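In what follows, a single structure is set out as structure tokens and then discussed.
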Amino acid sequence: MRRLVVLHVEKNREEISLLARACEAANLPIDLHGISDANKTIEYLTGAGDFSDRKRYPQADLIILDLELPGMGGIELLKWIRNQSDLRKLPVLVFTQSQKVEDKTQAMENGASGYFIKPSDFASLVRVAESLRKYRPSNDG
């Protein structure tokens, strides 16, 4: 099986690094690309600008999306993704600190594939990373 290509959209670089370590601890083969804002995420997903090299920046199998982003917020980015015909079915998991019911409702109504509250300890984060295994692609690439 090929590695899971994950686009982690998160303004805090430390959180991206922490998830990468949790995936390693979960023994999940992952190719993690961290991006800290929505506009760069759109460039990545469309293969524009710095992200035109698809060998270096392959299309994502999964997006892990924080709701709090500079500029365009996570919900707006999720709406943009769902309006792109070639990305409509791409799994997008919201991964946030927000425990507001309205945030979860809004995310799910706009096409999120799941909604996770960021855990406060590493062991719980490893369990979240283990749950990403179901998004691993078959041996097609």
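Would you mind listing the strands (runs of 3 or more DSSP E) fully within region 15-97 where at least 2 residues are modelled with pLDDT of 95 or more, over 19 Å from Glu109 (Cα atoms) and touching a helix residue (DSSP H, G or I) at 6+ places or on another chain (Cβ under 9 Å)?
30-35
Could you list, ordered by first residue, the pairs with Cβ atoms under 7 Å in which the first is in region 47-74 and in contact (Cβ under 8 Å) with a residue 24 or more places away in the chain and closer than 28 Å to Tyr115 by Cα and the second is surrounded by fewer than 17 Cβ atoms within 10 Å (Cβ to Cβ) and of a type in the set (S, T, N, Q), at least 6 apart or interchain?
Pairs that qualify, where the first residue is in contact (Cβ under 8 Å) with a residue 24 or more places away in the chain and closer than 28 Å to Tyr115 by Cα and the partner is surrounded by fewer than 17 Cβ atoms within 10 Å (Cβ to Cβ) and of a type in the set (S, T, N, Q), are Gly71/Asn39; Met72/Asn39.
Go through region 90-126 and give me each residue that's basic (Lys, Arg) and without any contact (Cβ under 8 Å) to a residue 60 or more places away in the chain.
Correct list: Lys100, Lys104.
Tell me which residues, restricted to region 92-107, are over 18 Å from Glu15 (Cα atoms) and crowded, with 16+ Cβ neighbours inside 10 Å.
Asp103, Lys104, Gln106, Ala107
In region 33-62, what residues are among the hydrophobic types (A, V, I, L, M, F, W, C) and within 14 Å of the chain's Cα centre (by Cα)?
Within region 33-62, Ile35, Ala38, Ile42, Leu45, Ala60, Leu62 qualify.
From the list Thr41, Thr96, which residue is out of contact with any Ser or Thr (no Cβ under 8 Å at 6 or more places or on another chain), among the hydroxyl-bearing types (Ser, Thr, Tyr) and closer than 13 Å to Leu7 by Cβ?
It is Thr41.
Can you pull out every residue in region 98-109 that is in a loop (DSSP other than H, G, I, E, B) and either under 15 Å from the mean Cα position of the chain (by Cα) or closer than 23 Å to Leu18 by Cα (or both)?
Once the filter is applied, which keeps residues that are in a loop (DSSP other than H, G, I, E, B) and either under 15 Å from the mean Cα position of the chain (by Cα) or closer than 23 Å to Leu18 by Cα (or both), region 98-109 yields Ser98, Gln99.
Starting from residues that are of a type outside the set (Phe, Trp, Tyr) and in contact with a Ser or Thr (Cβ under 8 Å, 6 or more places away or on another chain), keep the ones in region 108-138 and report whichever is surrounded by the most Cβ atoms within 10 Å (Cβ to Cβ).
Lys118
The values are calculated or read from the model by the stated rules, or taken from the named source; none is laboratory data. It should be emphasised that the depicted structure is a prediction, and the values quoted were computed from it without experimental measurement. Backbone-built Cβ (ideal geometry, glycine too); neighbour counts: all protein chains shown.
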